[in-house]
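Participant: One structure is given below, represented as structure tokens, and several questions about it will come after.
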Amino acid sequence: MTMLPLAILLAFPQPPEGDQPPSRFTVSLKQCASLPEGQARLTCYDREVVALLTAVTTQDVVLVDRADVRSAHRKSFGFDRSPARSTGKSANDLQDKSDFIRLDTKITSGKSAGYGRWRFTVSEGSIWETLETNSGFDEPRPGASVTIERNTLGGYFAQIGRGRAVRTRRIG
């Protein structure tokens, strides 16, 4: 049997008290950890790990690590959604708030969208379009660095290289 590292279980912070009860697996593993006698503790862990792996196999439980969560946030950056839905915490409570307000990435393709606006795709696969004319905005060329940042009112600004930041929106 392949054993999963226990660190995967602890990848997410616990939700604030009162928001939702802890998982059955979290409670069971804490009970196992509190057993003083080694053999009883090992037997308890063996039983709970088998139960957890069974739940993973039947897809009643999905285990992800922090890197997978960050990757998913990067890929969905620009869509209107709250980080609280996926982690049980608000963006202000998360350790790396930049995952939700700023994306530093590379352009994979870009083309004119007409009327001085640009459409470009970034390495995460998302497609963005500028909402302003291109005065001072660098042309989006493959390999160019771009910073897309959420503004305080919920919109986004894109800046390619040292060019001017312009209002932008995610379209795909």
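Participant: For 124, 139, give me the order by solvent-accessible area with a 1.4 Å probe, most accessible first, ignoring ligands, DNA and RNA.
Facilitator: The most accessible residue leads, giving 139, 124.
Participant: A follow-up question, please. Based on the alpha carbon coordinates of the stretch 103-153, what radius of gyration and maximum Cα-Cα distance (Dmax) apply, in Å?
Facilitator: 10.6, 29
Participant: State the answer as a single residue: which of 146, 166, 127 lies farthest towards the positive end of the charge dipole of the stretch 125-166, with beta carbon charges of +1 for Lys and Arg and -1 for Asp and Glu, about the Cα centre.
Facilitator: The residue sitting most towards the positive pole is 146.
Participant: Net charge near residue 172: determine it from the other residues with C-beta under 13 Å of the C-beta of residue 172, scoring Lys and Arg +1 and Asp and Glu -1.
Facilitator: Around residue 172, the surrounding residues sum to +2.
Participant: Follow-up question, since we're still on this one. Leaving ligands, DNA and RNA out of it, work out the accessible area of residue 65 with a 1.4 Å probe and give it in Å² to the nearest 10.
Facilitator: 60
Participant: Still on this structure, please answer the following. Once ligands and nucleic acids are excluded and a 1.4 Å probe is used, how much of residue 106 is accessible, expressed in Å² to the nearest 10?
Facilitator: It works out to around 100 Å².
The values are calculated or read from the model by the stated rules, or taken from the named source; none is laboratory data. Computed from a predicted structure; not experimentally measured. Note: ideal-geometry Cβ built from the backbone for every residue, glycine included; neighbour counts use all protein chains shown. Only protein heavy atoms, including side chains, enter the accessible area calculation; ligands, DNA and RNA are left aside. Shrake-Rupley method; radii C 1.70, N 1.55, O 1.52, S 1.80 Å.
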